[in-house]
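J.: Sending over a structure as structure tokens; questions will come in a sec.
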Amino acid sequence: MKVAVIRFPGSNCDQDALHALRDQIGLGADYVWHADTSLAGFDAVFIPGGFSYGDYLRCGAVASRAPIMGAVQEFATAGKPVIGVCNGFQVLTEAGLLPGALLLNEKERFVCKDVSLRPESRNSLWLSGVDKVLRIPIAHGEGRYTCDPETLKILNEEGRIAFRYCSPSGELGSAWNPNGSLDHIAGILNEKGNVLGMMPHPERACNASFGNADGALILKALTLVNSRA
Amino acid sequence: MANGDRPGCGEDHEEVDVQGSFSHGFPSGFQREIRPARHAEQARIRDAKKGKHEPEPAKHGQDGLPIFEKIGSHQFDNGMSPSSLDAICHNRRMPKVRIYVTLKPALLDSAGRTVTSSLQKLGFSDVEDTRIGKLIEVSMGDPTPERVDAMCRKLLANTVIEDYRYEVIG
């Protein structure tokens, strides 16, 4: 199992992601530059957070048209695991790999804090190891998920809402929603369940010495994937 | 790693077309402003003589952008130096598309809401709502509706959350 950590100009969680995948989860992982066009030799993709292309135009808009995204598209279509965190989630929605979009937070502020996340789906490899409410940090200014009512209905019916913001004991409510996200959505899945986009940063919560290791419950799912090699 | 140790420096000249025509090379707009486009200027001179507009095919480099060559003042028939032409001829003959991108009306514009509040505090108590959008001006040779629409859909607007409209000027 080898994970490609995609680097765009302006990515800034790439090193955290590589460290978490390699040193905390014990997977193979390497950087892939956005101008590359191949993901040959990789079994999963991690699109990290940051401010790709300075958030010009819209967050993730320019990155989603980068040369490597053609290979990511093929990768996702083939059913291989892809995760986009924070700006990576924005890139995935801009690329059309996930529905909806992420808007400026309801209260306009950049929010950086730990939040509680309730797992909402059983349909994905990514959630196979998640059996409790998670405590994972967020750090974003544009994380207010939105989509049209029809898409929301489909996401709910197909079990494609991966995580919702909640209280530490799992209750939903606007008090626990840090950015005004539609239906308290923190992360969603594609149709096949192999592509996960989420605003919270699991790679920042993979070591108990940093407070908690709940993020590892998500990333550890990759150890279940059979490597092609 | 070719460029991985210098993210953001824009050194990746290799152009790979993924979804249309977005260039990931070095931003070319600055180069374009430094020197007058030879083909555009020649076309302008010729137009003045012929009295009609027949753009000459532009020379393009590997990156798909026009090649600019050093030209002397003797080539201009209006007596202006290249430097003063630099200042005024850029985009003068190039049609400009003015694209307005706005958040869909149903969506909360949280930045606009803050501006509304600020305007009200400044005494503009009749302000009820503010919506903030983007104005994008694109100078391009062939602004057909098909091409401008494609440009908006592929990059400039996210039609999940935004509407766009445009006008061709100049």
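The values are calculated or read from the model by the stated rules, or taken from the named source; none is laboratory data. The structure presented is a predicted model; accordingly, all values stated were derived computationally and were not measured. FYI the Cβ positions are ideal-geometry reconstructions off the backbone, even for glycines, and counts take in every protein chain you see. Heads up: the accessible areas ignore ligands, DNA and RNA and are worked out on the full protein's heavy atoms, side chains in. Shrake-Rupley method; radii C 1.70, N 1.55, O 1.52, S 1.80 Å.
J.: Roughly to the nearest percent, how much of the accessible area of chain A is carbon and sulfur, given a 1.4 Å probe?
T.: On chain A, the fraction of accessible area on carbon and sulfur atoms equals 49 percent.
J.: Let me ask you something else. Long-range amide H contacts for A:GLY180: which residues qualify at under 5 Å (H placed 1.01 Å from N, peptide plane, sequence gap of 5 or more or a different chain)?
T.: Excluding prolines and chain starts, which carry no amide H, the hits are A:GLU106.
J.: Tell me, what HN-Hα J-couplings in whole Hz come from the Karplus equation 6.51 cos²θ - 1.76 cosθ + 1.60 at θ = phi - 60° for each residue of segment A:104-119, using x for Gly and Pro?
T.: The phi angles translate into 3, 3, 4, 9, 6, 7, 6, 10, 10, 6, 7, 10, 9, 10, 9, x Hz.
J.: Follow-up. Working from the pairwise distances between different alpha carbons, so that the mean of 1/r is found and then inverted, what is segment A:2-228's Kirkwood radius in Å?
T.: Every distinct Cα pair counted, the radius reaches 17.0 Å.
J.: Using only protein heavy atoms and a 1.4 Å probe, report how much of B:TYR100 is accessible, in Å² to the nearest 10.
T.: Surface open to solvent at B:TYR100 totals about 60 Å².
J.: Before we go on, tell me the buried accessible area for the A/B pair, both chains summed, 1.4 Å probe, in Å² to the nearest 100.
T.: 2300
J.: With a sphere of radius 15 Å drawn around the Cβ of A:ASP183, what net charge do the other residues whose Cβ falls strictly inside it have (Lys, Arg +1; Asp, Glu -1)?
T.: Here the count lands on -2.
J.: What is the extension gain from A:ASP131 to A:ARG22, computed as 0.36 nm multiplied by their sequence separation minus the C-alpha to C-alpha distance, in nm to one decimal?
T.: Stretched out fully, the A:ASP131 to A:ARG22 stretch lengthens by 36.9 nm.
J.: I would also like to ask the following. Give me a comma-separated list of calculated 3J(HN,Hα) values for segment A:8-24, in order, Karplus coefficients 6.51, -1.76, 1.60 applied at θ = phi - 60°, integers in Hz, x for any Gly or Pro.
T.: Running phi through 6.51 cos²θ - 1.76 cosθ + 1.60 with θ = phi - 60° gives 10, x, x, 5, 9, 10, 5, 6, 4, 5, 4, 4, 4, 5, 7, 8, 9 Hz.
J.: How far apart, in nm, are two points set 7 Å out from the Cα along the Cα-to-Cβ line at A:GLU158 and at A:LYS113?
T.: For the pair A:GLU158/A:LYS113, the computed spacing is 3.4 nm.
J.: Work out from phi, with θ = phi - 60° and the Karplus expression 6.51 cos²θ - 1.76 cosθ + 1.60, the ³J(HN,Hα) of each residue of segment A:71-77, listed in order in whole Hz, and give x for Gly and Pro.
T.: 5, 5, 4, 4, 4, 5, 4
J.: Among residues other than A:LYS192 whose Cβ falls under 13 Å from its Cβ, what is the net charge (Lys/Arg +1, Asp/Glu -1)?
T.: Net of charged neighbours comes to 0.
J.: Moving on to the next point. Only Cα pairs under 8 Å and at least 6 apart count here; give the relative contact order of chain A as a rounded whole percent.
T.: Dividing the mean separation by the residue count of chain A yields 22 percent.
J.: Out of residues 5 or more away from A:VAL32 or on other chains, whose amide H comes under 5 Å of its own, with H placed 1.01 Å from N in the peptide plane?
T.: Under 5 Å from the amide H of A:VAL32: A:VAL5, A:ILE6, A:ARG7.
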